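Novice: Quick one: this structure, given as C-alpha cells, is what I'll be asking you about.
The values are calculated or read from the model by the stated rules, or taken from the named source; none is laboratory data. This is a predicted model, so every value here is computed, not measured. A quick note on method: Cβ atoms are made from the backbone with ideal geometry, for glycine too, and the neighbour counts reach across all protein chains shown.
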Ligand code: SF4
C-alpha cells in the first residue's frame, strides 16, 4: 500500500482521535495507530495488522509514512556510527550514534547544512540548503531506534545546523522526543553558538532539557575570528541571555569550548573564560578535543589537560570531551556529508 498526503508523523494523539472519529471509528483505533507508529515502529501502514483494511486504506490515502533513506553508514573503530540520510523532503544530513558504556547518544541535525560558517567547522563550509521540518529532525532518532534497532538514551542537537535558527521545528522535535519517543527531556541537550532571542525563548519553557553554548573564546575579537556571527552579536548580549536563562530556570548551562592549538589555549584565554562565568551565569565548561578538518587551518591543542587544570585552579568546573568517531569524520565539527 503506497501512502500519500501529509506526513503522519506530525499528528498528535488528539489529531488521530479526531481523524478516527471523522471516519466513524471508535477512539481506541487512534491508540492502536499511535502504538504502531511510536512504540512498535512500523515501516508500512499494511503492517498495522489489528486495524480493519478499510481504515488502513483511508490512512494510506490521506497520510504519508515516509522515512529518511539511509544513503551511507560509517562505523568507527570506537563503535561510533555515522548515518547519511536523504531526508523525506529532500536534502542530505548526517546523524551520529555514540555508544559509551550504558549511555547511547544520538547527535542530530537541525538544518540541511548551516549558514553560520564557523571557521573550524566542516558543516559551515557547506552553506545552508534548507531548514529541516520538526518531524524530519525527530525521524533521525526514530530511524536510529526503530529502523536500525539501536538503543537510544540521550539526544544532542549538535549535528548539522544552528538549532535556534530553526526554533519552531526544534521545539516540535523536542516535544516529539518526549511525548512520542518517550525520552526524558533531562536527557536532551540543545546546543547553540549564541542566538540571544532563541536563548530567551528557551528560558520561558518548562521542560527540563539542557542548554549548551558554544563559546570557544571569551575574548570577543578571537571569538569573531572563529565565529563570523559573533561580529553581529556582542558576547555581552549572549551573556545577558544566558544569565536570564539560568535565573529563570534555576539551572546551569554548559559552555562548549573547542581547544585549538595556539588560538584559544593560553592563560589569557583561561582568565577571560573565568571572567565570563560570573552571576547570573552559572556554567560548567566542556573542553572539546578538536578533530582537524582537511583544508581548514586549525589543529587540536595539546594543552587540554593543562588548560582544564588552569580553569579548575580558577574555580571553574571543567571537563574534557574526548573525540569520538574522528576516524569516520563523525566528531565535533567534522560533519560534511562525506561518503
Ligand atoms: S559549528 Fe554549528 S553553527 Fe557553526 S558552522 Fe558548524 S554547524 Fe553551523
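Novice: Restricting to the range 259-274, and then to whatever is assigned to a helix (DSSP H, G or I) and out of contact with any helix residue (DSSP H, G or I) (no Cβ under 8 Å at 6 or more places or on another chain), can you tell me which residue is surrounded by the most Cβ atoms within 10 Å (Cβ to Cβ)?
Specialist: Of the residues in the range 259-274, the ones assigned to a helix (DSSP H, G or I) are 267-274.
When the remaining residues are screened for being out of contact with any helix residue (DSSP H, G or I) (no Cβ under 8 Å at 6 or more places or on another chain), the result is 268, 271-272.
Values: 268: 12, 271: 15, 272: 19.
Once the filter is applied, the top-ranked residue is 272.
Novice: How about the range 221-258: which of its residues are closer than 13 Å to residue 195 by Cα, in contact with a strand residue (DSSP E or B) (Cβ under 8 Å, 6 or more places away or on another chain) and assigned to a helix (DSSP H, G or I)?
Specialist: Within the range 221-258, 238, 242, 245 qualify.
Novice: Still on this structure, please answer the following. Return the residues of the range 114-136 that are outside any strand (DSSP E or B) and either closer than 27 Å to residue 151 by Cβ or away from the ligand (no atom under 11 Å from the Cβ) (or both); say none if nothing qualifies.
Specialist: Of the residues in the range 114-136, the ones outside any strand (DSSP E or B) are 114-127, 132-136.
123, 132, 133, 134, 135, 136, listed by residue number.
Novice: Scan the range 301-327 for residues that are part of a strand (DSSP E or B) and at pLDDT below 95 and jot them down.
Specialist: Here is the first cut: in the range 301-327, the ones part of a strand (DSSP E or B) are 318-321.
Matches in the range 301-327: 321 only.
Novice: Can you name the residue in the range 168-200 that is within 16 Å of the ligand (Cβ to nearest atom), surrounded by 18 or more Cβ atoms within 10 Å (Cβ to Cβ) and in a helix (DSSP H, G or I) and, of all such residues, is farthest from the chain's Cα centre (by Cα)?
Specialist: 196
Novice: Let me ask something additional. Quick check, is residue 156 within 16 Å of the ligand (Cβ to nearest atom) and in a helix (DSSP H, G or I)? Spell out the reasoning first.
Specialist: Working: within 16 Å of the ligand (Cβ to nearest atom): yes; in a helix (DSSP H, G or I): no.
It is false that residue 156 is within 16 Å of the ligand (Cβ to nearest atom) and in a helix (DSSP H, G or I).
Novice: Hey, any hits in the range 82-94 for a residue that's farther than 24 Å from residue 166 by Cβ, surrounded by fewer than 18 Cβ atoms within 10 Å (Cβ to Cβ) and at pLDDT 95 or above? Spell out how you get there, then give the answer.
Specialist: As a first pass, look at the range 82-94 and keep what is farther than 24 Å from residue 166 by Cβ: none.
No: zero hits.
Novice: Would the range 238-258 turn up any residue that is under 18 Å from residue 220 (Cα atoms), free of Cβ contacts under 8 Å to residues at least 12 places away in the same chain and surrounded by fewer than 17 Cβ atoms within 10 Å (Cβ to Cβ)?
Specialist: no
Novice: Also, quick follow-up: How many residues does the range 201-220 hold that are part of a loop (DSSP other than H, G, I, E, B) and either at negative phi or not assigned by TED's automatic domain parsing to the domain that holds residue 277 (or both)? Lay out the reasoning, then the answer.
Specialist: Restricting attention to the range 201-220, the residues satisfying the condition of being part of a loop (DSSP other than H, G, I, E, B) are 204-209, 215-219.
The next check asks that each one be either at negative phi or not assigned by TED's automatic domain parsing to the domain that holds residue 277 (or both); those that pass are 204-209, 215, 217-219.
Total meeting the criteria: 10.
Novice: Would you confirm, using the coordinates I've provided, whether residue 318 is without any contact (Cβ under 8 Å) to a residue 40 or more places away in the chain and either surrounded by 14 or more Cβ atoms within 10 Å (Cβ to Cβ) or not assigned by TED's automatic domain parsing to the domain that holds residue 204 (or both)? I'd like the intermediate steps shown before the answer.
Specialist: Working: without any contact (Cβ under 8 Å) to a residue 40 or more places away in the chain: yes; either surrounded by 14 or more Cβ atoms within 10 Å (Cβ to Cβ) or not assigned by TED's automatic domain parsing to the domain that holds residue 204 (or both): yes.
Here the answer is yes, as residue 318 does meet what is asked.
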